[in-house]
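Data block below; observations after.
The values are calculated or read from the model by the stated rules, or taken from the named source; none is laboratory data. Keep in mind it's a predicted model, so treat the numbers as computed, not measured. Using ideal geometry, Cβ is built from the backbone for each residue, glycine included, and neighbour counts are taken over all protein chains shown.
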Amino acid sequence: MHTFSDSGISVRDNITLSVSRKILPLKHIILAFTAALGCYGGMFTFLSYFEFSINKAMLIMYMTAFFIIFTVILNLPGRLKLLILPASILYETIFVRQRELFINGFKSIYNVMAQRLRITGEGIMYYRIDADVDQTLASTSFFIFAGFIYMLVITYAVYCRPHFIAGLLVSFAPVEIGLYFGLKPSYPAFIAVAAYWAATVALGVSGCRDGDSRSTAGFIRKGNDFYAKSHIKFSTGEFTGFITIVATVLIFAAAMLFVKFSGYERSEKIDNLRSNIKTAVSEFTIDDVPASMNRISTSFGNFSAAPGKLGQFSDISYKNETDLRLTFDRKLYSEIYFKCFTGSYYSENQWNDFPKSVYKDNQQLFDLMQANNLYPQDFLNFSAAAVPDSAECMVKVSQLAKNPRYLYLPYGADTSGFERKRDSSVKSDTLREYSTSFQYIGSYEDFLSSGCSEKTDISESFSETEQQYREFVYNNYLQIPDNHDVNAVRQKYSGVIENCSGKSYEDVYSVMNRIRNVIAFDTEYTLSPGRTPATRDFVSYFLLENKKGYCSHYASAGILLARMCGIPARYAEGYIVTDSDFSFAVQNADGSCTIDVKDSRAHAWAEIYIDGFGWIPFEFTPGYDAGIVAAETTAPPKVTVVINETVTETAAASETTGQAAETSVSEEETTAPASETSSVSSDTSQTQSAGGFVSDDRNNNSKNSLLTVIILSAAFIVIIISAFLIRRQINTNKRRKSFATENSNQNAVNAYLYMITLLGFLGIENNSNMTYLDFAEYAEKNSGFFH
């Protein structure tokens, strides 16, 4: 022992200090309170989003039992914590025996979520559940099984070794599911789980229970410096967590008051970006990971969905951005389709090219096309050119946002200057601006009528190629999947299918019009039909269950029914330009006109093969067939289709035109107002949100306010934690410097004063003005602090 006589302070070189492992009951209570916030806050936040059919009393009883069991076991000393293993084994045994109940519970819960989030249509179940299954018991059992794992992780992350990441990973998912879709949670439950997150951060930073596994703890001396070991240094960690909980609740309260009285609103740009990202993530599917990841990455800019893939998205919305700029050499007076994609083979809810074996088996035909430099892509151009009084036009296409691999060309275009692939597509790897001539066809029925009687100057090579290709068409473009779902569609529409005869264009159009009218009568047009369940066929789900869809639904359904009737048909995607667009086109000095085609004009339609002419477009989507087309919006106006009398009602107008047929009324939504106005109606009480569900303005404001509260609260919490860490770092550096001055006597004094401060936290104070030695004996006798 060294004695410094000038100060009277004696310090032993082998001095050690340790702290009893006894933890005050209040600290146990604080940790249990923190764990309860995470367990109950996360679970009830999730339950507040949806109206599940569950036995809440039973669920709360089991959750409380789990919480008590985990609290007791995980607070036992040493290896006694391993008692959690028998509990886990018992859980696993029960789970294996009741796994069917668990699976049915998952299905029932997902069906409720799918309805609430508009993943499926109203009244449509994503998973089919047997009628004899007690869905209330199954759903409750699922939450009990899931709650066991959930609460085990939450309590472990608090009691054993505070771990923010583990607790966040488990508790964030059930909370984010609702926030992501803009659902409003229970405020008390949400604030509880947010306070749990903040508290676990504070507990981890303060080192709560960081040294429980060590055998000794106290001060260590390095030279003239004294450093506190974990039990002393971190003796106030639990209180730090409690203070953080209180601060979090106060911050949320302050943020809510701020939003309420300030009237804060997010900018439109941020709303659009958030909507894009949210939609991209919500439509993620394991069935097509590359396309899903591409949509997420492109959600920060312009997005282009993969063509031909059906039922991936629960709804469609547009940003009113220009995708194409078209410059025509003259003004035209009817709709024009610009096609970029053709789907020939329907399988697994998507349209693709035929399998390679189909083309390989018909290689002789494609060799003939190459030899004659005449492809089916050119047939309509040749046929229209042979009709007297045909008009050749020019168009310049500028692609502003879309994939340049796909060229957007009108029907009747001269494709000889482009790369033609097989019998369906025209592609390019780099072109964003190009020009082509095309044969303008106003009315296809008039064109076919005059073509059949007046077509002249058809070359021998065209006739030879078309005749051989026609055989290929009838051998392959009548393909229909052979499965239960498609057979159910065939049975449902057997009355239409069985009454088909003749191959003239008049017979074909008669059948196609009948199919279009029947589909329109049975279904409803909407941009928010919900996502097609992975367990369903796209067309069958549209026609027989959901009965809601947009252009892709109508085109695909019409094509399959046409094929069932023996009419070759295929799927097409691109853009549509109408005569009204020419009315508002920019007139150029040379007589040409320029039209900016918005993203809302993206469209899907059918193509049918007419012998001797080629592929021509046919419209199945309600409203488009009558020429009533305008920019689609996220809340399409209504249209009523009457087969014996077509009546179109929109938010801008209603127009009635006569049409022969035989059924009654079906209410549809279309994308356009009529050009002539006779009456006005509107309904703006509800709008379609990007998340895929309908809400009024007050609900939207509530959701915006909630998200604002969350953002502001998170910012406040970050500021508080940062201030705490900075203050702690400053104090640590200051104390370290006080132990390392050039004056050894002062170093010892500073170390002694620091010891006195730490003893004060444990309730040991020198209130009787004892001498240093007497106080040391008192502390050693009453606390076991010194050894």
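Evaluate the following for ILE89: is it surrounded by 11 or more Cβ atoms within 10 Å (Cβ to Cβ) and β-branched (Val, Ile, Thr)? Before the answer, list the steps.
Details: surrounded by 11 or more Cβ atoms within 10 Å (Cβ to Cβ): no; β-branched (Val, Ile, Thr): yes.
It is false that ILE89 is surrounded by 11 or more Cβ atoms within 10 Å (Cβ to Cβ) and β-branched (Val, Ile, Thr).
Those helices (runs of 4 or more DSSP H) of segment 98-185 in which 2 or more residues are among the hydroxyl-bearing types (Ser, Thr, Tyr) and either closer than 18 Å to ASN55 by Cβ or outside the structural domain of PHE50 (by TED's automatic domain parsing) (or both) occupy 135-159.
Among the conditions (1) aliphatic (A, V, I, L, M); (2) over 20 Å from ASN349 (Cα atoms); (3) touching a Pro at 6+ places or on another chain (Cβ under 8 Å), ILE497 misses just one, which is (3). Among the residues of segment 326-368, those identified as more than 29 Å from GLN468 (Cβ to Cβ), among the polar types (S, T, N, Q) and touching an Asp or Glu at 6+ places or on another chain (Cβ under 8 Å) are SER334, ASN349. The residue that is surrounded by the fewest Cβ atoms within 10 Å (Cβ to Cβ), among those in segment 409-432 that are over 32 Å from the mean Cα position of the chain (by Cα) and of a type in the set (Gly, Ala, Ser), is GLY417. Looking at segment 739-757 only, could you name the residues that are more than 16 Å from TYR772 (Cβ to Cβ) and touching a Phe, Trp or Tyr at 6+ places or on another chain (Cβ under 9 Å)? Those that are more than 16 Å from TYR772 (Cβ to Cβ) and touching a Phe, Trp or Tyr at 6+ places or on another chain (Cβ under 9 Å): PHE739, SER744, ASN747. Exactly one residue out of ILE54, ILE89 is modelled with pLDDT of 85 or more and under 33 Å from the mean Cα position of the chain (by Cα): that is ILE54.
Working only within segment 541-568, note down all residues that are of a type in the set (Gly, Ala, Ser) and surrounded by 24 or more Cβ atoms within 10 Å (Cβ to Cβ). Don't jump to the end; show me each part of the working.
Of the residues in segment 541-568, the ones of a type in the set (Gly, Ala, Ser) are 549, 552, 555-558, 562, 566.
If the condition is that a residue be of a type in the set (Gly, Ala, Ser) and surrounded by 24 or more Cβ atoms within 10 Å (Cβ to Cβ), then GLY549, SER552, ALA555, SER556, ALA557, GLY558, ALA562 are the ones that fit.
Among the residues of segment 520-538 satisfying the criterion of being more than 15 Å from the chain's Cα centre (by Cα) and among the β-branched types (Val, Ile, Thr), which is farthest from ARG128 (Cα to Cα)? The selected residue is THR526.
From the list SER449, SER528, which residue is under 30 Å from TYR318 (Cα atoms), surrounded by 12 or more Cβ atoms within 10 Å (Cβ to Cβ) and modelled with pLDDT under 85? Reasoning before the result, please.
Working: SER449 fails: under 30 Å from TYR318 (Cα atoms).
The unique qualifying residue is SER528.
The helices (runs of 4 or more DSSP H) found wholly in segment 335-412 and carrying at least 1 residues that are of a type in the set (Val, Ile, Thr) occupy 356-361.
Within segment 48-72, the residues that satisfy the criterion of being in contact (Cβ under 8 Å) with a residue 24 or more places away in the chain and either of a type in the set (A, V, I, L, M, F, W, C) or in contact with a His (Cβ under 6 Å, 6 or more places away or on another chain) (or both) are PHE50, PHE52, ILE54, MET58, LEU59, MET63, PHE66, PHE67, PHE70. Highlighted here are the strands (runs of 3 or more DSSP E) found entirely within segment 559-664 that include at least 1 residues which are within 29 Å of the chain's Cα centre (by Cα) and at pLDDT 90 or above: 569-577, 602-610.
Look at segment 315-334 and say how many of its residues are touching a strand residue (DSSP E or B) at 6+ places or on another chain (Cβ under 8 Å), in a loop (DSSP other than H, G, I, E, B) and among the aliphatic types (A, V, I, L, M). Steps first, answer last, please.
At the first step, the residues of segment 315-334 found to be touching a strand residue (DSSP E or B) at 6+ places or on another chain (Cβ under 8 Å) are 315, 317-318, 320-332.
Still in the running and in a loop (DSSP other than H, G, I, E, B): 315, 317-318, 320-321, 329-332.
Going one step further and asking which of them are among the aliphatic types (A, V, I, L, M), we end up with 332.
Adding up the residues that qualify gives 1.
Quick one: which of ILE60, ILE84, ILE69, ILE30 is under 20 Å from VAL246 (Cβ atoms), in the same structural domain as THR200 (by TED's automatic domain parsing) and either in a helix (DSSP H, G or I) or not β-branched (Val, Ile, Thr) (or both)? Of ILE60, ILE84, ILE69, ILE30, the one residue that is under 20 Å from VAL246 (Cβ atoms), in the same structural domain as THR200 (by TED's automatic domain parsing) and either in a helix (DSSP H, G or I) or not β-branched (Val, Ile, Thr) (or both) is ILE30. When residues in segment 542-558 are screened for being out of contact with any Asp or Glu (no Cβ under 7 Å at 6 or more places or on another chain) and either part of a strand (DSSP E or B) or small (Gly, Ala, Ser) (or both), 6 of them pass.
Here TYR346, TYR359 are screened, and the one residue that is within 23 Å of GLU573 (Cα to Cα), surrounded by fewer than 21 Cβ atoms within 10 Å (Cβ to Cβ) and in the same structural domain as GLY612 (by TED's automatic domain parsing) is TYR359.
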